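Presented below is the structure to which this report refers.
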Ligand code: UDP
C-alpha cells in the first residue's frame, strides 16, 4: 500500500485530496494545525484503518514513523482575509513548512508535490497566464505575504530538485470552489452565497469589472492526481479557463439563490488583480487534463452544500478560530 502525507489535510483542498487518495487505495496521513482547516472535513475518514490524522503545525519539525512514497504540501491560509489576519503563519508555512517537507522527503525518498497558486503571477500584465510568465507581484503589499511565500516555495522546491535530485511537482492552482470551502473565509463565492442566505446585499469590490476563472474542486483534484503521477517537475497551471467578471458572477449567484437582494459596491482592496485566467495548454498536453464540470453545475452542488450547514455557520465572524502566535 502506497503511503502519502497530505499537509493541510483538514482544509478545503487537503480534505478532498484525502478522499481521493483513500479511494485510490493509499494509506493517507493528514497533517493540520486546524488554524484554518476543520476536523469536520475529514471526520468520515477517521475510523478507517488506512487513515491517520496528525494534529501538528508543519512549520515545526515533522516526524512521521515508517515509509512515505508521496508528500503533498497543501498547508497554508489561502484566502485574502486569512492571510491578512495571520501573515506570519502564512509566511512560515510557505517557507519553514516546505523546508520541513523537503527534508522529510529526502529522508524517506518520497516525491513531493507543492500547492502553488495563480498569485505567483500577481496582478498579471500577460493574459491568459502561461507558466512561462514571471508575474507582477508587490512584495510589500497586503498580498505579499502569500504571494512571496508561494514564490519562495517554488524556488526551494526547484532547488531541492536540481541540487538533491529530489522528485518534485509544482501545481499552480487558480480560483477553485466547491463543498467544504469555509462560508466565512471572505472569498467571493462563499461571501456572495452567505450574503444571499442571510438576506443581505451582495458586496462587489470595485466596479466589478475585474475577472476570475472558477474551477470546480473535483476537476482540480483530478489534475493534481495526474500531475503527481507524471514525470514533469516544472510548474503546471490547473484551473478552469471560463473567465467571468465579478459583476456577472454576482448576477449568477443572485439567480442561483433566488434572492431578491441587490448588489452594493465597496472599495476595491489594494493590489486586487484586475484579471485572471489560466492558460492550460501544458496540462492538456502533459496530463491529458481539462475541466469537465460546468460553472452552472458546480455552483449548484456548492450552493446545496452551503444550504445544508447548520444555521449558526452563517453568522460566524470572518476569522473565528483560536490560533497560537508561534
Ligand atoms: N470580491 C468581491 N466581493 C466580496 C469578496 C471578493 O467583489 O465580498 C472580489 C475581490 O475583490 C476579487 C474577487 O472578488 O476581485 C475574488 O476575490 P477572492 O477573495 O475570492 O480571491 P482572489 O482571487 O482575489 O484571491
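The values are calculated or read from the model by the stated rules, or taken from the named source; none is laboratory data. Note that the coordinates shown come from a computational prediction; the quantities given were computed from them, not determined experimentally. Cβ: placed from backbone, ideal geometry, glycine included. Neighbour counts: every protein chain shown.
Of everything in region 232-265 that's modelled with pLDDT under 95 and surrounded by 17 or more Cβ atoms within 10 Å (Cβ to Cβ), which residue is nearest to the ligand (Cβ to nearest atom)? Checking each candidate, the answer is 261.
Across region 266-296, the qualifying residues are those that are farther than 20 Å from residue 211 by Cα and in contact with a strand residue (DSSP E or B) (Cβ under 8 Å, 6 or more places away or on another chain), and the one among them that is farthest from the ligand (Cβ to nearest atom) is 286. Checking the structure you have, find out if any residue of region 13-24 is part of a loop (DSSP other than H, G, I, E, B) and either modelled with pLDDT under 95 or more than 16 Å from the chain's Cα centre (by Cα) (or both). Scanning region 13-24, I find at least one residue that is part of a loop (DSSP other than H, G, I, E, B) and either modelled with pLDDT under 95 or more than 16 Å from the chain's Cα centre (by Cα) (or both), so the answer is yes. With respect to residue 12, is the statement that it is out of contact with any strand residue (DSSP E or B) (no Cβ under 7 Å at 6 or more places or on another chain) and in contact (Cβ under 8 Å) with a residue 60 or more places away in the chain true? Against the criterion (out of contact with any strand residue (DSSP E or B) (no Cβ under 7 Å at 6 or more places or on another chain) and in contact (Cβ under 8 Å) with a residue 60 or more places away in the chain), residue 12 qualifies. Being surrounded by 20 or more Cβ atoms within 10 Å (Cβ to Cβ), touching a strand residue (DSSP E or B) at 6+ places or on another chain (Cβ under 6 Å) and not in a helix (DSSP H, G or I) narrows it down to one residue among 182, 172; which is it? Just one listed residue meets the conditions, 172. Candidates are the residues of region 16-46 that are under 23 Å from residue 227 (Cα atoms) and out of contact with any strand residue (DSSP E or B) (no Cβ under 8 Å at 6 or more places or on another chain); the one that is surrounded by the most Cβ atoms within 10 Å (Cβ to Cβ) is 16.
Screening 171, 120, 126 for residues that are over 27 Å from residue 250 (Cα atoms) and either more than 12 Å from the ligand (Cβ to nearest atom) or at pLDDT 95 or above (or both) leaves exactly one candidate, 171. The residue that is surrounded by the fewest Cβ atoms within 10 Å (Cβ to Cβ), among those in region 107-117 that are closer than 19 Å to residue 77 by Cα and more than 15 Å from the ligand (Cβ to nearest atom), is 113. Within region 64-82, being touching a strand residue (DSSP E or B) at 6+ places or on another chain (Cβ under 9 Å) and either within 16 Å of the ligand (Cβ to nearest atom) or in a loop (DSSP other than H, G, I, E, B) (or both) holds for 64, 66, 67, 68, 69, 74, 75, 76, 78. Every listed requirement among (1) in a loop (DSSP other than H, G, I, E, B); (2) under 20 Å from the mean Cα position of the chain (by Cα) is met by residue 268 save one, (2). In the set (1) near the ligand (Cβ under 10 Å from one of its atoms); (2) at negative phi, the condition left unmet by residue 206 is number (2). Being in a helix (DSSP H, G or I) and under 18 Å from residue 229 (Cα atoms) is the filter here, so list the residues in region 2-12 that pass it. The answer is none; no residue qualifies.
Summed over region 185-194, the residues that are more than 7 Å from the ligand (Cβ to nearest atom) and either buried (at least 21 other Cβ atoms within 10 Å of the Cβ) or assigned to a helix (DSSP H, G or I) (or both) give a count of 3. Screening the candidates 227, 197 for the property of being assigned to a helix (DSSP H, G or I), under 24 Å from residue 122 (Cβ atoms) and more than 7 Å from the ligand (Cβ to nearest atom) yields one hit, 227. Within region 83-141, being farther than 20 Å from residue 172 by Cβ and in a strand (DSSP E or B) holds for no residue. Reported count of residues in region 83-100, each being within 16 Å of the ligand (Cβ to nearest atom) and farther than 15 Å from residue 185 by Cβ, is 2.
Residues of region 209-223 that are within 14 Å of the ligand (Cβ to nearest atom), more than 13 Å from the chain's Cα centre (by Cα) and within 17 Å of residue 297 (Cβ to Cβ): 213 alone.
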